[in-house]
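Read the structure below first, then the notes.
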Amino acid sequence: MTERARKICLLGDFAVGKTSLVSRFVNSTFSEKYLTTVGVKVDSKRVELAGGDAVKLVVWDLAGKAELDSLNRSYIRGAHGLMLVADGTRGASLRAALYLWMQAQKQLAGVPVVMLVNKLDLIAQWEVSTDDIARLQQSLPTWRTSAKAGDGVEEAFAELARRTAELPR
Amino acid sequence: MRRYPDKVSTILQRYLIEKAHPLVISVDRTGRVREIQGDPAHYGYRGNEVEPLLRLCADMRVGAESDRHAFWPLVHLAQGHHVALHWLPDEPCDHVVITDSDLCNAELAERQQTANELALAGIEKSRTIKELKRVRLELEERERALAETQAFQRRLIDTLAHDLRTPLTSIGGYAALLHPHLKENTPLQRALGAIQRNAVYLKALAENLLELARSGHVEANALQRREFALDELVADVDAIVRPMADGKDLALEVAAHANTSAAPCFDPVKLHQVLLNLLSNAVRYTPAGGRVEARIEWDGQELRMTVADTGIGIAPEYQQRVFEPLNRGAQQGKEGAGLGLSIVRQLVDSMGGRIALESAVGVGTRVEVRLPQAPAGPAGEPVPAVPGEPELKLANRRVLIVDDDPDICELLLWSLRDAGYEPEILHDPAHALERVRALDPGLAIIDVDLGLRSGLAVTQELRLAGYHGAVVVFSGAADHRTRRAAERAGADGFLAKPLEMGRFVDWMKRLLPADRQTLEDAE
């Protein structure tokens, strides 16, 4: 059995639930309290892959911004994958996530990317429509997730783990 | 860069060490910690147990170039500290250098938290405003829909009123025409009498239901007071209720008594409705073999109606409810629309009267209605028998009837001929002016509801063309709005359908031009 380590970065606007997604993924916990992330928080988790392999995901939870500033540029350097996160109840956060992706691509061309549209537990308040999701799915692996309930979280991280594990480096 | 003087450098180092709490961990190529400088406890690590910190550092170096200095300026440690983290490759050991960033970043973190919370509050606020706007639009939409429904309801009621009144005019009118031609007290005449009475009852019922549907209550100004004979009221109601009472083997007595020669002046149709509803209820809720009595007393000031039965009675808790609309179930086990007594109450209220009910379960019910005689109109004038029957001066006895209903036309034709006129019928209102010019009638009787063309438009056309004869319009929509519109169009009189043909003929006879009457006198 071999184990590789892969660095993935979460990018998204503030308060879309990046820290909560990591907390759900790494510790299986959730808190309603909103605490802004300043700088970066780094966690890791071993993910089993199909065929007996495993990959250690080193998850960089970056401070939420609608644009990629110099600090976050420095943090994403060397990343093997990107996890874009949007809040389904805020249409603007989806546009921000896509803009961040566009900016990050200049630095990380060709790295695997997945999109998480979070807060599925608040779907009644969603501004992001089903059509929006369908369109996203045509260009990006997209999950509707709930950090609160856990929906889609494991699957999204596992998919990114699988994709990053396939990378040569 | 020039070096600081030694003394300054010493002070600066001490100051920075005090504020930045540098922690330096030196690790050899096998990963073993060789030296720790600084205080790990400041960052939440007990003693020299800095393994978690080294693991974090190793994780953070994933993807980084292994032989180069790596620097991460603001890292949030699990224990809550914000630190600046350096990885310095060196010989024979690499160094992990950590400095405390909380001093510089505590305020930044707080500002960031506040700014983000404010932004979230702003988003929530704009979302709430948007929701309020949506709710307001929805309310406006509902209000519009309600107004449309109400307008539709009014149109429906107007149509219904017209559609009910027109055939009722025919039924009542033809029955009145036939009546004198039948022998007294024959089965045929009695049958005709029943048709007439029931037509009157049906008309009253329809009027009340329409009144209720229009406004939810009977308006006092909708009353049509006139003098009437108590005996007629008793006979009419008795004739309607008796077959029901006989069918249940009930003893029925309906009687009236007046201790004054002055005739009562009330709305006889509404009065009829009150008495009929009370008696119908009494008969319906009295078991076979029981007794129902109605007494009407008139003393010149007040009319008192009492209806008593030996029926099933009403429990005390239901006695107020029986006067509410749709009160089915107040008298258990019996069917009924639950409208009768509520209409009675509204009618009594509209006439300024009072109603009282006494009842005991298994014993019977007694309802008493007291109606004050309404004061005379302004300047002591008697209340006109029929509003809208003005005293017209007709230039001749020719009458043009403009109506598209052949039954009504035929009825008016017969009636006016009987009254001594020379009527002519015109079904198509488009030719009204042409016929008026040719005929020069003393009176034009025009139906308002003429399909595509309103009778009011025809009236206006005649007036604009210089016709000075009398114009009387009639309509199933007997409301004030139509009446005022008729006046504005140039009509001299307004009649409501269904026409009471007996009174209509009497009125027309009074209007018969003098030359004709003189001619008749001479004959």
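Numbers at a glance
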read-out	value
Long-range neighbours under 6 Å by Cβ, at least six apart or interchain, first residue more than 15 Å from B:Q79 (Cα to Cα) and in contact (Cβ under 8 Å) with a residue 12 or more places away in the chain within region A:25-40, second surrounded by fewer than 21 Cβ atoms within 10 Å (Cβ to Cβ) and basic (K, R)	A:V26/A:K45; A:F30/A:K148
Selection within region B:272-304 - without any contact (Cβ under 8 Å) to a residue 60 or more places away in the chain, within 32 Å of the chain's Cα centre (by Cα) and closer than 24 Å to B:G353 by Cα	B:L275, B:L279
Residues of region A:119-162 that turn out to be under 20 Å from A:D13 (Cα atoms), within 14 Å of chain B (Cβ to nearest Cβ) and without any contact (Cβ under 8 Å) to a residue 40 or more places away in the chain, as a count	4
B:G311 vs. criteria out of contact with any Asp or Glu (no Cβ under 8 Å at 6 or more places or on another chain), at pLDDT 90 or above and not in a strand (DSSP E or B)	yes
Checklist (1) away from every other protein chain (no Cβ under 14 Å); (2) assigned to a loop (DSSP other than H, G, I, E, B); (3) surrounded by fewer than 17 Cβ atoms within 10 Å (Cβ to Cβ) applied to A:Q107, failing item	(1)
Elements of type strands (runs of 3 or more DSSP E) in region B:1-104, at least 3 residues being touching a residue at least 40 places away in the same chain (Cβ under 8 Å) and away from every other protein chain (no Cβ under 14 Å)	B:23-27, B:94-100
Long-range neighbours under 9 Å by Cβ, at least six apart or interchain, first residue more than 13 Å from A:T89 (Cβ to Cβ) within region B:122-135, second at pLDDT 90 or above and exposed (fewer than 10 other Cβ atoms within 10 Å of the Cβ)	none
One residue from B:T128, B:T114 being β-branched (V, I, T), within 11 Å of another protein chain (Cβ to nearest Cβ), under 29 Å from A:E127 (Cβ atoms) and out of contact with any Lys or Arg (no Cβ under 6 Å at 6 or more places or on another chain)	B:T114
Selection status of B:L168, touching a Leu at 6+ places or on another chain (Cβ under 7 Å) and either β-branched (V, I, T) or buried (at least 16 other Cβ atoms within 10 Å of the Cβ) (or both)	yes
Matching entry among B:A438, B:A465, B:A432 (being at pLDDT below 90 and farther than 11 Å from B:D492 by Cα)	B:A465
Selection within region B:396-412 - at pLDDT below 90 and either outside the structural domain of B:V458 (by TED's automatic domain parsing) or more than 17 Å from B:A496 (Cα to Cα) (or both)	B:P406, B:E410
Any hit, region A:87-94, residues being over 21 Å from A:V128 (Cβ atoms), touching an Asp or Glu at 6+ places or on another chain (Cβ under 6 Å) and either surrounded by fewer than 17 Cβ atoms within 10 Å (Cβ to Cβ) or within 14 Å of chain B (Cβ to nearest Cβ) (or both)	no
Scan of region A:144-155 for residues that are hydrophobic (A, V, I, L, M, F, W, C) and buried (at least 22 other Cβ atoms within 10 Å of the Cβ), ordered by number	A:A147, A:V153
Qualifying residue in region B:349-358 (condition: surrounded by fewer than 17 Cβ atoms within 10 Å (Cβ to Cβ) and modelled with pLDDT under 90)	yes
Strands (runs of 3 or more DSSP E) wholly inside region A:1-82 containing at least 1 residues that are within 10 Å of chain B (Cβ to nearest Cβ), small (G, A, S) and surrounded by 15 or more Cβ atoms within 10 Å (Cβ to Cβ)	A:3-12, A:40-48
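Matching residues to (1) surrounded by fewer than 17 Cβ atoms within 10 Å (Cβ to Cβ); (2) within 24 Å of B:L177 (Cβ to Cβ); (3) in contact with a Phe, Trp or Tyr (Cβ under 6 Å, 6 or more places away or on another chain):
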{"position": "B:P423", "(1), (2), (3)": "no, yes, no"}
{"position": "B:L443", "(1), (2), (3)": "no, yes, no"}
{"position": "B:D449", "(1), (2), (3)": "no, yes, no"}
{"position": "B:T459", "(1), (2), (3)": "no, no, no"}
{"position": "B:R463", "(1), (2), (3)": "yes, no, no"}
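The values are calculated or read from the model by the stated rules, or taken from the named source; none is laboratory data. Predicted model, so just to flag it, every value in this text is computed and none were measured. Neighbour counts are summed over all protein chains in view; Cβ atoms, including those assigned to glycine, are modelled from backbone coordinates with ideal geometry.
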